[in-house]
Amino acid sequence: MYPGDVGANFVSSNAYSLVQSYFEESWITKGIIYDGESVGFTMYGFDKENERYELCRLMVDYRYQGKGIGKKVIPLIISEMVDCFNCQKIFLSTGSENKKAISLYESFNFFKTGEVLENELVFCLEVSI
């Protein structure tokens with residue numbers, strides 16, 4: 001799976017994410033399946049460094065982008081994070097140039113916090129439990 005040349009600028013590789021989750025056990029990794037095909041990857045959990053729950057990675061293979069997969073999986077990820085962690089806030093970050101992702105996240109009521117972390121805008125979703 002590959003996010004495409006543009007997408008590769010915005011997300012760490014799946015291999016890096018898997019290694020990170022092995023050494024940092026607070027992260028959960030999952031594949032994204034669409035019509036029986038492996039089309040993406042996500043990683044989420046507790047960010048110990050920033051002491052908050054985070055949707056750390058969301059990647060859809062370039063061949064499947066534009067098919068609404070992100071819109072379908074984000075609610076599932078949010079629901080699973082709330083069920084697993086009972087979290088009331090979920091954070092994520094992305095580059096300011098990643099307009100499609102920003103629009104997608106904002107459509108789920110993630111809002112800019114004003115924080116910039118490693119040159120990425122930080123967003124937060126307040127979850128009602």
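Got at least one residue in segment 109-129 being loosely packed, with under 11 Cβ neighbours inside 10 Å, hydrophobic (A, V, I, L, M, F, W, C) and at pLDDT below 95?
Start the filter on segment 109-129 by keeping residues that are loosely packed, with under 11 Cβ neighbours inside 10 Å, which leaves 114, 118-119, 126, 128-129.
Going one step further and asking which of them are hydrophobic (A, V, I, L, M, F, W, C), we end up with 129.
Then keep just the ones that are at pLDDT below 95; that gives 129.
Among the residues of segment 109-129, at least one is loosely packed, with under 11 Cβ neighbours inside 10 Å, hydrophobic (A, V, I, L, M, F, W, C) and at pLDDT below 95, which makes the answer yes.
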_Being in a strand (DSSP E or B) and closer than 21 Å to Thr29 by Cα is true for just one of Leu55, Leu76. Which residue is that?_
Leu55
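Residues being of a type in the set (S, T, N, Q) and part of a strand (DSSP E or B): count how many of those fall in segment 100-126. Steps first, please.
Filtering segment 100-126 for residues of a type in the set (S, T, N, Q) gives 103, 107, 109, 113, 119.
Those left that are additionally part of a strand (DSSP E or B): 113.
Of the residues in that region, 1 qualify.
Sort out which residues of segment 23-52 are part of a loop (DSSP other than H, G, I, E, B), under 23 Å from Cys124 (Cβ atoms) and either basic (Lys, Arg) or free of Cβ contacts under 8 Å to residues at least 24 places away in the same chain (or both), and write them in order of number. Outline the logic, then answer.
Taking segment 23-52 first, the residues part of a loop (DSSP other than H, G, I, E, B) are 24-26, 35-36, 48-51.
Then drop every residue that is not under 23 Å from Cys124 (Cβ atoms), which leaves 24, 26, 48-51.
Hits for segment 23-52 are Ser26, Lys48, Glu49, Glu51.
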*For segment 82-104, how many residues meet the condition of being under 17 Å from Phe41 (Cβ atoms) and either of a type in the set (Phe, Trp, Tyr) or touching a residue at least 40 places away in the same chain (Cβ under 8 Å) (or both)?*
3
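Regarding segment 17-25, can at least one residue be identified that is in contact with a helix residue (DSSP H, G or I) (Cβ under 9 Å, 6 or more places away or on another chain) and surrounded by 13 or more Cβ atoms within 10 Å (Cβ to Cβ)? Even if it seems obvious, please write down each step before you answer.
The first filter runs over segment 17-25 and keeps only residues in contact with a helix residue (DSSP H, G or I) (Cβ under 9 Å, 6 or more places away or on another chain), leaving none.
No, that holds for no residue.
The values are calculated or read from the model by the stated rules, or taken from the named source; none is laboratory data. Keep in mind it's a predicted model, so treat the numbers as computed, not measured. Note: ideal-geometry Cβ built from the backbone for every residue, glycine included; neighbour counts use all protein chains shown.
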